[in-house]
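Data block below; observations after.
Derivation of every value follows stated rules applied to the coordinates shown; laboratory data play no part. This one's a predicted model, so the numbers in the text were calculated from it and none came from an experiment. All Cβ positions, even for glycine, are placed from backbone atoms using ideal geometry, and neighbour counts span all protein chains on display.
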Amino acid sequence: MYGIVTRNAEELEWPEFDVGFYEVKRVTGQHGDPVEGAVNLVSCFADTASAATEADVVATDASGRPATKDHPDLDSGYVCPSDEGYRNGLLEVIEACTIPSDDVRLDEVGFPGAAFCHCERCDDAFASSAYDDRAAWRASVITEFVADARERVPGDLYLTLHPDPYPGHLLERSGIDVAALATHVDEFVVPLYDTAYGTTYWLESLASGFADRLADLDVRLGVELYAVDPEVDALADAAATVEEYADGVYFGYHSGNARAVLRRWDAEAREGVEWG
């Protein structure tokens with residue numbers, strides 16, 4: 001299965017692709033309207049605008065620094081995943097996405113990093129919880145949110161994972177318990193982004209690592225490639241490398257390059273005809 005990740009609704013109609021992910025809520029905080037025939041994509045707790053303007057919802061690290069875009073460890077601003085009001089708002093957005101189309105993809109679902117979140121809300125919630133281990137408590141927060149989203153999505157639910165298949169790393173980094181989330185999710189999507197794809201051995205290592213990690217779980221694996229900067233030849237090599245391990249290969253943010261890859265493969269698969 002091949003697909004695209006796009007902000008241009010008209011590209012969802014291109015016949016070369018089996019699936020199209022359409023950004024409804026971005027990490028910037030910008031919102032758009034969900035569209036028919038797409039897997040509408042929602043950036044959950046990455047929200048630069050909200051983190052910058054709503055001090056009561058922003059996540060904070062162990063030193064008390066807010067998770068705004070200028071935090072040294074972050075590229076975007078992040079909202080605290082345990083903030084009930086923001087979570088309820090996200091669930092409303094997710095539910096709205098299912099009106100024109102049954103399928104939804106959740107992006108930026110976890111905590112922003114291992115040092116988060118130590119806001120007063122999280123400290124109080126952990127202290128009053130049944131958990132002795134903060135990592136386990138963080139995972140329960142994320143799993144509960146995804147379970148709530150699952151109840152609102154009648155079709156397939158996709159979830160983006162940070163590209164680290166090593167056991168325990170996603171749990172430590174983001175509060176992502178892969179096995180627990182697999183009971184609620186139909187497909188995990190792993191972005192393996194590069195601006196050139198000059199080599200592909202690392203793509204095979206990461207894609208095969210995730211394939212092994214998910215082998216005993218009833219969930220699909222999708223791999224997403226960055227299609228903007230790489231040359232078409234390099235992008236084609238990258239796609240050929242990961243498709244051996246993935247149920248779906250998706251191209252991000254340059255559907256024209258993605259189309260060129262698939263058309264090239266189609267042409268190469270056709271038998272030539274000699275005239276003479």
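Data table
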item: Residue of A149, A125, A182 that the Gaussian network model of the chain assigns the largest fluctuation, springs spanning Cα pairs under 10 Å; result: A125
item: Dimensionless Rg ratio for the range 72-222, taking C-alpha atoms and the 2.2 N^0.38 Å reference; result: 1.08
item: Rounded to whole Hz, the Karplus (6.51, -1.76, 1.60) HN-Hα couplings of the range 130-143, x for glycine and proline; result: 8, 9, 8, 9, 5, 4, 5, 5, 4, 4, 5, 4, 5, 5
item: Stretch gain in nm, segment A130-N88, where the contour uses 0.36 nm per residue and the Cα spacing is subtracted; result: 12.8 nm
item: Phi to ³J(HN,Hα) by Karplus 6.51 cos²θ - 1.76 cosθ + 1.60 over the range 162-177, Hz, x for Gly, Pro; result: 4, x, 9, x, 5, x, x, 5, 5, 4, 5, 6, 10, x, 8, 9
item: Total formal charge among the other residues, if their Cβ is under 10 angstrom from that of D156, Lys/Arg +1 and Asp/Glu -1; result: -2
